[in-house]
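One structure is given here, and the rest of the page talks about it.
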Ligand SMILES: [Zn+2]
């Protein structure tokens, strides 16, 4: 039986009608979600620096906090997505000792198997190895892509994105949220402020539960908890709104929040080559 708008309104209006509504609803069971996992990949060599500039209220003045560089491999059935691509191998002291491609090889994966590369934002420590995956569709915030492709790409290195800037590889700009696989299991979340098109990502794992991976929404527990906004963010107001969104979402979904640069969050996922399911 085809449902009319009137019957839906009726269904919504009276609890007593719900069983009848259930019988008349289309008989399509929700599709079983494919296997999902998240594996952390080391994407730079960690450092410990003074972090005062990560809060524009002087709340972190004089503190020294270890800083790590994290990328993530997301498996969705037979499809693979990379979240961020870390430092380039030419980045000097903070360069990764092993490339993403070589770490993927340890997982028996070839670069061509990466279907999507999702970029949290255009900074060099998140985009340094992106050109290793020219077969992938690049998913990047529209505001960030506009900077990368602008005449004066302040803060971004367009050379990293050469395969996509040239038009040879496929890019999909993301203005708001994006449900990457169309089943709600992996969602890029618009969280601007650090950069104009910054995104975080929500992954709804079966065993571990909901996972929120920050990008650079906040770099450390200290500035996440106190709303410390880095002095070099592109919008203070957007940064605060994005922090509010993710904190509310984390509470609502009882999510594990992983700050990509915080060394204390590395242990929230199994150590490579293992992944969380
Ligand atoms: Zn950044």
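Among the residues of the range 133-149, is there at least one that is modelled with pLDDT of 95 or more, surrounded by fewer than 17 Cβ atoms within 10 Å (Cβ to Cβ), more than 18 Å from the chain's Cα centre (by Cα) and under 25 Å from residue 233 (Cα atoms)? Yes, some residue in the range 133-149 is modelled with pLDDT of 95 or more, surrounded by fewer than 17 Cβ atoms within 10 Å (Cβ to Cβ), more than 18 Å from the chain's Cα centre (by Cα) and under 25 Å from residue 233 (Cα atoms). In the condition set (1) more than 15 Å from the chain's Cα centre (by Cα); (2) within 15 Å of the ligand (Cβ to nearest atom); (3) buried (at least 17 other Cβ atoms within 10 Å of the Cβ), residue 163 is compliant with all but (2). Under the condition of being outside any loop (DSSP other than H, G, I, E, B) and over 15 Å from residue 40 (Cα atoms), which residue from the range 80-113 is nearest to the ligand (Cβ to nearest atom)? Here the residue is 94.
Here 76, 121 are screened, and the one residue that is farther than 20 Å from residue 275 by Cα and either exposed (fewer than 15 other Cβ atoms within 10 Å of the Cβ) or touching a residue at least 40 places away in the same chain (Cβ under 8 Å) (or both) is 121. Restricting the range 204-227 to residues that are part of a loop (DSSP other than H, G, I, E, B) and within 22 Å of residue 144 (Cα to Cα), the residue that is nearest to the ligand (Cβ to nearest atom) is 216.
Each residue in the range 150-196 was checked for being farther than 15 Å from residue 117 by Cβ, in contact with a strand residue (DSSP E or B) (Cβ under 6 Å, 6 or more places away or on another chain) and not in a strand (DSSP E or B), and 4 pass.
The residue that is nearest to residue 58 (Cα to Cα), among those in the range 234-254 that are within 16 Å of the ligand (Cβ to nearest atom) and surrounded by fewer than 19 Cβ atoms within 10 Å (Cβ to Cβ), is 236.
The values are calculated or read from the model by the stated rules, or taken from the named source; none is laboratory data. Please read these numbers as outputs of a predicted model, since none were measured by experiment. Because the Cβ atoms are built from the backbone with ideal geometry, glycine has one as well, and the counts that use them run over all protein chains shown.
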